[in-house]
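The values are calculated or read from the model by the stated rules, or taken from the named source; none is laboratory data. As the structure is a computational prediction, the values presented were derived from the model and not from experiment. Using ideal geometry, Cβ is built from the backbone for each residue, glycine included, and neighbour counts are taken over all protein chains shown.
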Amino acid sequence: MILSSKGWKNMFFICLGIFLGTAFCMKWLETGFYYNGELFTIIGLEITYSPGRIMDILHHIGEPVHTSIKAHLYFDFAFMAGAYGGILSLLMMARGRVSTPFQRQLLLFMALLQLLAWCCDIRENIYLLDWLADKQDIRTSIFTYHLVVLTKWSIALSGLLLAIPFLLRKTKPE
């Protein structure tokens, strides 16, 4: 069943609360992400660090940092519900503001694609949790990992950037 405009708005605010609460917890946990006296980030593990650096960090961190990364990744599962549910809600609210069939279908399609982005984010976390647990050589799976990360970010940001202009414009009088 598709929610009413008010229902999608309420859903957005619930997702926003989940998003903000879990983002706060994850940001707090990141303050302890040190390896060899240097701060590292989850975004670095996702995007910018080389496979060698990722392996070095994940294989040689101390137990407190190891525990913090795992906690961060578990909080991230809840964060995903807020992030992708929120983007989906924004797209559906934007869909309610347009009347052309093409725009409505495009917004619905992008909303449904958020479920794929969510699945990619789940898979990304599973990769990191597996690499933390097994201390394996990640070079065989790093291409797929980066493809999953790129897909996730592309879909989520595209959905957000598509929804915002429709939500900011004034609705046409009918």
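In contact (Cβ under 8 Å) with a residue 40 or more places away in the chain and part of a helix (DSSP H, G or I), is that true of Phe19?
It is true that Phe19 is in contact (Cβ under 8 Å) with a residue 40 or more places away in the chain and part of a helix (DSSP H, G or I).
Residues checked against (1) of a type in the set (Val, Ile, Thr); (2) out of contact with any helix residue (DSSP H, G or I) (no Cβ under 7 Å at 6 or more places or on another chain):
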residue: Leu16; (1), (2): no, no
residue: Gly21; (1), (2): no, yes
residue: Phe24; (1), (2): no, yes
residue: Thr31; (1), (2): yes, yes
residue: Asn36; (1), (2): no, yes
residue: Ser50; (1), (2): no, yes
residue: Pro64; (1), (2): no, yes
residue: His72; (1), (2): no, no
residue: Ala78; (1), (2): no, no
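Take the residues in the range 44-69 that are free of Cβ contacts under 8 Å to residues at least 24 places away in the same chain and surrounded by 12 or more Cβ atoms within 10 Å (Cβ to Cβ); name whichever of them is farthest from Tyr145 (Cα to Cα).
Keep residues of the range 44-69 that are free of Cβ contacts under 8 Å to residues at least 24 places away in the same chain, which gives 44, 48-50, 52-53, 56-57, 62-63, 67.
When the remaining residues are screened for being surrounded by 12 or more Cβ atoms within 10 Å (Cβ to Cβ), the result is 44, 49, 53, 56-57, 67.
Values: Gly44: 13, Tyr49: 13, Arg53: 15, Asp56: 17, Ile57: 17, Thr67: 22 Å.
It comes out as Thr67.
Restricting to the range 24-64, name every residue that is modelled with pLDDT of 95 or more and within 17 Å of Glu124 (Cα to Cα).
Of everything in the range 24-64, just one residue is modelled with pLDDT of 95 or more and within 17 Å of Glu124 (Cα to Cα), namely Met26.
In this structure, is Phe12 in contact with a strand residue (DSSP E or B) (Cβ under 7 Å, 6 or more places away or on another chain) and of a type in the set (Phe, Trp, Tyr)? Break it down into steps so the answer makes sense when it comes.
On the way: in contact with a strand residue (DSSP E or B) (Cβ under 7 Å, 6 or more places away or on another chain): no; of a type in the set (Phe, Trp, Tyr): yes.
No; evaluated as a whole, the condition is false for this residue.
Out of Phe33, Phe77, I need the residue that is closer than 26 Å to Gly17 by Cα and in contact with a strand residue (DSSP E or B) (Cβ under 8 Å, 6 or more places away or on another chain). Which one?
Going through Phe33, Phe77 in turn, just one is closer than 26 Å to Gly17 by Cα and in contact with a strand residue (DSSP E or B) (Cβ under 8 Å, 6 or more places away or on another chain): Phe33.
List the residue pairs whose Cβ atoms are under 7 Å apart, where the first residue sits in the range 1-15 and is in a helix (DSSP H, G or I), the second is modelled with pLDDT under 90, and the two are 6 or more positions apart or on different chains.
Taking only residues 6 or more apart or on different chains, the pairs are Met11/Leu3.
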